[in-house]
Structure formats: structure tokens, C-alpha cells
Amino acid sequence: MMRMALHTLVGTVLLGLVLFGPAGTLAWPEGWWFLALFIGCGVAIGIWLALTDPGLLAARMASPFSADQAPRDRVVMALIALAFSVWLPAMALDARRFGWSHAPLWTQVLGAVLVLAAFAGWVWVLRTNSFAAVTVRVQTERGQTVVSTGPYAFVRHPMYAFALLMLVGTPLLLGSLWGLAGLVLFVPLLAARALSEEAVLTEGLDGYRDYVRRVRYRLLPGIW
């Protein structure tokens, strides 16, 4: 719980800096709404995991850049982190400082709904799969098995699938239509992470090959 509190504090400060610094003002209601939703939902999920599945909470708080990760996966995660560090300030510049694009109120409401839907989807994933760590490895110490129920019955990587809702909802909520261009960066990176994860699980997790044959799609049913 202390680690989670520290992570939350540091994350809130960093998120606030990358949003409100480029915005050039604290008078940005959409930025505050996003910060409240993102941090509030994250804290709620953390407390829930601390009470119901502390092992998964510890796995979710591990570093994705640890030495036991494949170099390819560390590169992908570094690129995702870099993309976020550019994407969020760019949306602040667009939506608040310069007003390059203008989003009507209904799109901002839709964005908030999509952000909440992403968090609800992640809760569904975490309830279904106690091995949904941020690192890509077979968790033999926790007796990892193949999970094929819940959202995993539809796509092989539902955590990343629900991330797409966040990637669409965030720019809409912040009022930055140009922020939707971030999908051009994030979709290939999420696809690369999914492929990296599948390579590890296919090689080391019993039954995963059969699961791949049963569930055809990785992120979007009927598409990929």
C-alpha cells in the first residue's frame, strides 16, 4: 500500500506537469477532469487489488524495463513511454494553449465515457486473469495457467484492446481532435507488444498454442 501511494503521488505530479505545463495555465477544466478520472480510477483499482489480489497488484507495479524482459520488449515499452511523453503535452498545446482544434461538448462527454469504459474493461481483465502483469514472462512462481474466459474468449490481448478506448477517449475528453493522430503511433506499438507477449507465452506456457488456435483475434474481433 505504501508503494502504491508513492507511485500514485509521483504519477499524479508527473501527469499534472506534462498536461498543465504545456497548457500554460491551471484554468483548464478538461485537464482537471482527465486527471481526476485517470488518477481516481487508478487508485480505486489499486485499492481493490490490494484487498482481493495483492499478488497481482505487486505484479502490476513491477517495472516493464527489468532485466528479465527481452530486449525487444524493453524497446517497445520505451517507445510507448516516449510516445506518451510527447502525446500528452501535444494535446495540451492543441486544446488549451493554441486552440488548433475545437471539440464540441458532446465529444468531450463521449471521451469521458470511453475513458471510464477503458477502466471498466481493465477491471474485467484483472478479475479474469490474475496473471495480467506488466512484464512479459511466464510466472512459474505463481503457477500461471492459460486464461480463456471472460474477455479472453473474444480476443487474446483484451488489456491492449481496452487501451484503444483510452487512446480515443483521452483526446476527445481533453478537447484535442489532433490528439487522435496518436493512434498512428500507439496502434503499431500495441501490436508489437502483443506479438512479443505471444512469442514468450507460446514458447513457455503449456496450452497457449491451443488457446491461440481457438481464439483467432488479438485486439479487435473480426479485424486482427
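The values are calculated or read from the model by the stated rules, or taken from the named source; none is laboratory data. Worth saying up front: this structure is predicted, and the values here are computed from it rather than measured. Neighbour counts run over all protein chains shown; Cβ positions are idealised from the backbone, glycine included.
On the given criteria, is Ala103 assigned to a loop (DSSP other than H, G, I, E, B), under 17 Å from Leu180 (Cα atoms) and out of contact with any Pro (no Cβ under 7 Å at 6 or more places or on another chain)? Considered against the rule, which asks whether it is assigned to a loop (DSSP other than H, G, I, E, B), under 17 Å from Leu180 (Cα atoms) and out of contact with any Pro (no Cβ under 7 Å at 6 or more places or on another chain), Ala103 comes out as yes. In this structure, is Val212 in a helix (DSSP H, G or I), more than 26 Å from Leu79 (Cα to Cα), touching a Leu at 6+ places or on another chain (Cβ under 9 Å) and at pLDDT below 95? Yes; evaluated as a whole, the condition is true for this residue. Residue-level analysis places Leu82 among those that are within 17 Å of the chain's Cα centre (by Cα) and either farther than 22 Å from Val115 by Cβ or in a helix (DSSP H, G or I) (or both).
Considering every residue within segment 26-42, establish whether at least one is surrounded by fewer than 16 Cβ atoms within 10 Å (Cβ to Cβ) and either touching a strand residue (DSSP E or B) at 6+ places or on another chain (Cβ under 9 Å) or not in a helix (DSSP H, G or I) (or both). Within segment 26-42, one or more residues are surrounded by fewer than 16 Cβ atoms within 10 Å (Cβ to Cβ) and either touching a strand residue (DSSP E or B) at 6+ places or on another chain (Cβ under 9 Å) or not in a helix (DSSP H, G or I) (or both). Cβ separations smaller than 6 Å between residues 6+ apart or across chains give the following pairs from segment 63-84 residues that are modelled with pLDDT of 90 or more to residues that are hydrophobic (A, V, I, L, M, F, W, C): Leu79/Leu189; Ile80/Leu189; Ala83/Leu185. Applying the criterion of being surrounded by 15 or more Cβ atoms within 10 Å (Cβ to Cβ) and under 14 Å from Leu172 (Cβ atoms) to the residues of segment 89-106, the residue that is modelled with the lowest pLDDT is Ala103.
For segment 180-194, check the following and say yes or no: at least one residue is farther than 30 Å from Asp94 by Cβ, over 14 Å from the mean Cα position of the chain (by Cα) and modelled with pLDDT under 95. Scanning segment 180-194, I find no residue that is farther than 30 Å from Asp94 by Cβ, over 14 Å from the mean Cα position of the chain (by Cα) and modelled with pLDDT under 95, so the answer is no.
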